[in-house]
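**Q** Just passing along the structure, written as structure tokens.
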Amino acid sequence: MKKIMTVTLVGAMCAMLSGCFGIGTASSAEMASDVDPTYAPLPPLVAGEPLGRESIIGEWEGPVYVNTKVVLPRIRYVQNSRTATATKQTYRFFDDGKYVFTSRDQEGKEMSSNGDWTYENGYLTIAENKDDPDSPAMRMRVLCYDNGQVEFRVDDISAYESIIMKGGAESVRAWYETDGSLRTHMDIVNQGSKATVKMIQSPLRFTRVGDVE
């Protein structure tokens, strides 16, 4: 999960640093409005029976889309991503409590991480292997659907905000839409100028694609 956040933040920073030259002409309404998703909305699903730990073991895969809007109020500049950044993300959960996460973007760039996982009463906790001993684990609620898919949602949104703050943001506010899309607003100072980055991420829905050994 923390690697998903890293991928998301890298995309936001790239958007902020590219093309931000000259004086913009954005209106106050344009700067205040939220970012709109350009990815197709996911269909509503019917809740299924909760999965046990043995059913979580395996390889899970799903696409994740992120739209970003960057606002530089000092020069009245707004940049919206015309198309959503897409990644194919894979979790491999092993019986011994280890996991491997992989994310591949549309250009073929791959990022990966690994660590420990636990699952109990519908909650998945992931602790990524990191050099920082104080790096927090992330607890997610697992929604199960009757088509076999699962959806991950951060259980404590303040923990998610805290991780982004540690990554260098001045302030962060995040919340879920009713469909499971995650909105994040953050203020970042870049080269002495404050920028507001607004993101919307598609629901984290995964399909089981195989066993692991």
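The values are calculated or read from the model by the stated rules, or taken from the named source; none is laboratory data. From a predicted model like this one, the values you see are computed outputs, not experimental measurements. Virtual Cβ from ideal backbone geometry, glycine too; neighbours counted across all protein chains shown. Calculation scope for accessible area: heavy atoms of the full protein, side chains included, ligands and nucleic acids excluded. Shrake-Rupley method; radii C 1.70, N 1.55, O 1.52, S 1.80 Å.
**Q** With charges only on Cβ, +1 for K and R and -1 for D and E, what is the dipole size of the chain about its Cα centre, in debye, rounded to 20?
**A** 920 debye
**Q** Then there's this: Report the extension gain between T125 and V46 in nm, rounded to one decimal, defined as 0.36 nm multiplied by the number of residues separating them, less their alpha carbon distance.
**A** Extra length from T125 to V46 when fully extended: 26.0 nm.
**Q** State which entries of K69/K194; K88/K194; K88/K166; K69/K166 exceed 24 angstrom in Cα-Cα distance in the structure shown.
**A** K88/K194; K88/K166
**Q** For a quick protection proxy, order the peptides 41-49, 62-70, 167-175 by their average other-Cβ count within 10 Å, most packed first.
**A** Ranked from most to least packed, the peptides come out as 62-70, 167-175, 41-49.
**Q** Provide the packing ranking of 81-92, 145-156, i.e. peptides ordered by the mean count of other C-beta atoms within 10 Å per residue, highest first.
**A** Going from most to least packed, we get 81-92, 145-156.
**Q** Sort M140, M111 by heavy-atom solvent-accessible area, probe 1.4 angstrom, most to least.
**A** So, going from the largest accessible area down, we get M111, M140.
**Q** Could you tell me which residue out of T90, A137, I157 lies farthest along the dipole of the chain toward its positive end? Charges go on the beta carbon: Lys and Arg +1, Asp and Glu -1, centred on the Cα centre.
**A** I157
**Q** Rounded to the nearest 10 Å², what accessible area does S181 show when all protein chains are kept and the probe is 1.4 Å?
**A** Estimated to the nearest 10 Å², S181 gives 0 Å².
**Q** Projected onto the charge dipole of segment 52-101 (+1 at Lys/Arg Cβ, -1 at Asp/Glu Cβ, origin at the Cα centre), which of G62, Y99, V78 gives the Cα projection farthest towards the positive end?
**A** Of G62, Y99, V78, it is V78.
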